[in-house]
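The values are calculated or read from the model by the stated rules, or taken from the named source; none is laboratory data. Given the structure is predicted, the values throughout are model-derived calculations rather than measurements. A quick note on method: Cβ atoms are made from the backbone with ideal geometry, for glycine too, and the neighbour counts reach across all protein chains shown.
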Amino acid sequence: MTAEETVQRYGPMVYRIALSQTKNKEDAEDVFQEVFLSLIRSNPSLESEEHRKAWLIRVTLNCCKKHFRSMKKVTIPLTEDIPCEFTPEEEDVYRAVLSLPQKYKAVIHLFYYEDLPVKEIGEILDIKENAVKTRLFRARQMLQPKLREMFEQYE
Amino acid sequence: MNSMNKYRSAMDKVEPPKELAEKAIRLMEQAQGKQTPQPRRHWFRPVYGFAAAAACLFVLLVIPALLNNGSGHIFITKLEAGTHTSSVELTDGFLIFEEPSDVFVSPGVHAGKRGIKEEWEITRYEEYIGREVSLPYRPDGFSLKEESAIVYLDEESKVVRDHYQARYREPDDGELTVSISSGALPQGSAYDVPDNSSIRGEPLYAGYDPADGRYHVRFMREGIGYLLEARGISQEEFIMIVWHFFE
């Protein structure tokens, strides 16, 4: 697969994960470039497209973590960083998910957006299936009051 | 949760900027060696320019092609499957695998009293040390078989020592053990030998026991001690695992 094909196929996935983790476009763009350069530099032996996808997800999350470790803590208001035209409901849910701690956001995104099964999420994150289920459970618990409050506005 | 459909539809609208994708493709192609030709510098006399270009091409393309085994851009030394090389040069470091047999039987550090032992959930341990303990690069076929996080507390319930260990196995009997401790090298590390290797300017110790083909690397990084041990694994795969800790 050429560089162009790789970026076209996996670019949106990498960017969305990076954006959901970093919460702002500039950091997501840094992570995006770092991930695809890592793919070339480390040249991992990937037997299938499934492996390539899993590798990219894992490296994206690792790059985000590394990014957080290296950056100074600067709070960027989320209002300035809505990346495109959302409906009010979409914006509320987007904000609620992005306000979760990173490890919970990751499982929510991989489960609800990438449609990955719990087992595969566990393999990607190198955690046990039960740990994935626990994180999903806690994430839903954290989201419920926020979402309930938000959706009451629209009723 | 129906509201997650809204998250899905929101995320569907998120696309990487076109310029970003183009820049990433350009950087990837450059990293692959497909650099676009640079404009000639007018002050440079053509004959010298040609000679310099030929020399650069030789250094950039021919020498790496001769030395690289084709298995990854991190290796300069050619590694052969099924054999062990005591000194390995990487594009951004080097590893010298020492073979003294006694370094692997180091008893470890038992500083003071052990305190009260507790086994923690991995997520709690990760929160305590401030990072996740997962392998940054896991070779194909290896899966996590067991892991544990043990801490020792003093009378005031403060952690005085901690130790995380994970065992990965692969069907052909390959085994990889990762040990982590905060603030000190994990128990079982080769303490009594100086660092002999370097990756990206950071020091580490590398060892190899020919008796059972076991690799051993230990290092401190950002206040965390790491010990990686493996057997039944190729030298190349082991180095790839180690190298990814320094990414």
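Summary table
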{"read-out": "Residue in segment B:101-114 that is modelled with pLDDT of 80 or more and of a type in the set (D, E, K, R) present", "value": "no"}
{"read-out": "Subset of segment B:160-173 (residues that are in a strand (DSSP E or B) and without any contact (Cβ under 8 Å) to a residue 40 or more places away in the chain)", "value": "B:ASP162, B:HIS163, B:GLN165, B:ALA166, B:ARG167, B:TYR168, B:ARG169"}
{"read-out": "Filtered residues of segment A:2-13 (kept if touching a residue at least 40 places away in the same chain (Cβ under 8 Å) and of a type in the set (A, V, I, L, M))", "value": "A:MET13"}
{"read-out": "Candidate set from segment A:34-58 (those that are within 8 Å of another protein chain (Cβ to nearest Cβ) and among the polar types (S, T, N, Q)); member that is surrounded by the fewest Cβ atoms within 10 Å (Cβ to Cβ)", "value": "A:SER45"}
{"read-out": "Members of segment A:14-43 found to be part of a loop (DSSP other than H, G, I, E, B) and free of Cβ contacts under 8 Å to residues at least 24 places away in the same chain, listed by number", "value": "A:ASN43"}
{"read-out": "Residue tally, condition within 18 Å of B:ASN196 (Cα to Cα), within 15 Å of the chain's Cα centre (by Cα) and not in a strand (DSSP E or B), over segment B:74-94", "value": "2"}
{"read-out": "Filter result for A:ASP92 (crowded, with 17+ Cβ neighbours inside 10 Å and at positive phi)", "value": "no"}
{"read-out": "Some residue of segment B:112-122 being under 29 Å from B:THR91 (Cα atoms), assigned to a loop (DSSP other than H, G, I, E, B) and within 14 Å of another protein chain (Cβ to nearest Cβ)", "value": "no"}
{"read-out": "Residue ID - surrounded by the fewest Cβ atoms within 10 Å (Cβ to Cβ), chosen from residues in segment B:115-163 that are at pLDDT 90 or above and of a type in the set (Ser, Thr, Tyr)", "value": "B:SER148"}
{"read-out": "When residues of segment A:12-28 are limited to those that are buried (at least 21 other Cβ atoms within 10 Å of the Cβ) and out of contact with any Leu (no Cβ under 8 Å at 6 or more places or on another chain), the one modelled with the lowest pLDDT", "value": "A:THR22"}
{"read-out": "Strands (runs of 3 or more DSSP E) (entirely within segment B:174-215) containing at least 3 residues that are closer than 22 Å to B:VAL133 by Cα", "value": "B:175-182, B:202-209"}
{"read-out": "Unique residue being touching a helix residue (DSSP H, G or I) at 6+ places or on another chain (Cβ under 8 Å), modelled with pLDDT under 85 and not assigned by TED's automatic domain parsing to the domain that holds A:VAL31 when the list is A:ILE108, A:ILE121, A:ILE127", "value": "A:ILE127"}
{"read-out": "Number of positions in segment B:124-159 that are assigned to a strand (DSSP E or B) and within 23 Å of B:PHE238 (Cα to Cα)", "value": "6"}
{"read-out": "Which listed residue, of A:VAL7, A:VAL31, is surrounded by 21 or more Cβ atoms within 10 Å (Cβ to Cβ), more than 9 Å from chain B (Cβ to nearest Cβ) and at pLDDT 90 or above", "value": "A:VAL31"}
{"read-out": "Evaluation of B:ALA206 against (1) modelled with pLDDT under 90; (2) within 15 Å of B:GLU99 (Cα to Cα); (3) not hydroxyl-bearing (Ser, Thr, Tyr) (one fails), failing number", "value": "(1)"}
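Yes/no matrix, rows are residues, columns are (1) exposed (fewer than 15 other Cβ atoms within 10 Å of the Cβ); (2) among the acidic types (Asp, Glu); (3) in the same structural domain as B:SER143 (by TED's automatic domain parsing); (4) more than 16 Å from B:ILE239 (Cβ to Cβ):
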| position | (1), (2), (3), (4) |
| --- | --- |
| B:ASP172 | yes, yes, yes, yes |
| B:LEU176 | no, no, yes, no |
| B:ALA190 | no, no, yes, yes |
| B:ASN196 | no, no, yes, no |
| B:ILE199 | no, no, yes, no |
| B:GLY207 | no, no, yes, no |
| B:ALA211 | yes, no, yes, yes |
| B:VAL217 | no, no, yes, no |
